[in-house]
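A.B. asks: I'd like to ask you about the structure that follows.
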Amino acid sequence: MLPLWAELLLAATAAFFGVALWRTRSRLSRLRERVAARERETHLLAESPDPDTILRRAFEAIASLLPITSFNLYTIDDAGRVEEAWILSGEGSRRAPRRDPGNPHLRQSVDSPRLKDLTATETDLSFAPRDLLAGGPATRRLRLPLYAGDRLVAHLDLAGPEAIDDRVKGEIRALLAPLTAALHASRNWRIAVTDELSGLASRRYFESRLAEEWSRRDRYATPLAVAIFDLDRFKAVNDTFGHAAGDRVLRRFGEIVRHEIRSSDVACRYGGEEFAVLFAESTASAASAVAERVRRAIKREEFVSEGKSFHVTTSAGIAGADEVQDRSKLLFQADKALYAAKDRGRNRVVVWPAARGRRPLASRAKP
């Protein structure tokens, strides 16, 4: 039996090593969290050019560092106006930043004097959020202008229930560099693959996506459909009301198409007043229903040029990949269906039948 002093010494030694072990494990846990956050950083840019995906990954990385009650991000265009907005929505594991098309800040100009108060100059061509500078007071809210060089890419507002200290601020600042680069690259990618006038994808991008979806269709036997639209008598619009009026029609048609299709579909300006839509994992019948909504929407639109109002209509041809062995044949059949729609009086949607030798079936033009 050990004397009392020896038992006390052993107990103290065990307690000391227990505390040391706990501290070591705690440091290792924090290190693992930081390593995981760094790994997430590298995926912000490489995973996808889609800003929704980029912001979801950024939110997950920041949420691993501190609880977040507010995550509002505003992208800024070349004219210094708010181009798009994302706000935090959802509950529990489904919480994520999502586009807010009705955000009151959209198209508003950035408040330059206010922005200057939030920004610290690092070099003549490099700026950093002042709220993340070391030595500043702990705060529950961070207002973070995101710069790529001297260009303002976005503005991020973060807030949480706890004060954010210098250690966490340093972690957030490390995440902002890949986030800013990813958003900047995403914008450049979108400009490169987007038709400036209609806001839809370029024909080259459409054809590359068609090749991808065709391969998926071959591998998994999933349905696939294509629609080709043509604005009826569009030359008369340009000749009568001028090319500026024609441009407004093209722009509005692009907005209508974007509103009606899913995020997984791809719409492009195929050339002139002709447009194409790729419906991934959709039948010709489902594509026809969407095309009909587009047809009705553009018919209802009233355009005004120099005090004179006018309307436009569109015709569309639909083809499904059910029995087609070549993707060029799919476009050929959709184009043939479009011509059938024109021949039958325009302002209608025609679906090319799957059986060969049958004439296209036109849907009735509805008001």
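A.B. asks: Two decimals is fine: what is log10 I(q)/I(0) at q = 0.15 Å⁻¹ for the stretch 181-253, from a Debye sum with one equal scatterer on every Cα and no solvent?
C.D. replies: -0.74
A.B. asks: Divide, for the stretch 203-362, the radius of gyration over alpha carbons by 2.2 N^0.38 Å, where N is the residue count.
C.D. replies: Scaled against compact globular proteins, the figure is 1.04.
A.B. asks: In addition: Among 318-324, 330-336, how do they line up from the highest to the lowest mean number of other beta-carbon atoms within 10 Å?
C.D. replies: Listed from highest to lowest mean packing, they are 318-324, 330-336.
A.B. asks: Suppose R0 equals 56 Å. What FRET efficiency, 1/(1 + (r/R0)^6) with r the Cβ-Cβ distance, do residue 134 and residue 191 give to the nearest 0.05?
C.D. replies: 0.95
A.B. asks: In whole Hz and in residue order, list the ³J(HN,Hα) couplings for the stretch 268-282 that follow from phi through the Karplus curve 6.51 cos²θ - 1.76 cosθ + 1.60, θ = phi - 60°; x for Gly and Pro.
C.D. replies: These are the phi-based 3J(HN,Hα) values: 9, 8, 7, x, x, 9, 9, 10, 9, 10, 9, 9, 6, 6, 9 Hz.
A.B. asks: In addition: Can you list residues from other chains, or at least 5 along the same chain, whose modelled amide H is less than 5 Å from the amide H of residue 146?
C.D. replies: HN-HN under 5 Å from residue 146: 153, 154, 155, 156.
Read-outs throughout are calculated quantities, based only on the coordinates presented, and are distinct from any laboratory measurement. Just so it is clear, the model here is predicted, and its values are computed rather than measured. Positions of Cβ are backbone-derived with ideal geometry, glycine not excepted, and every protein chain shown enters the neighbour counts.
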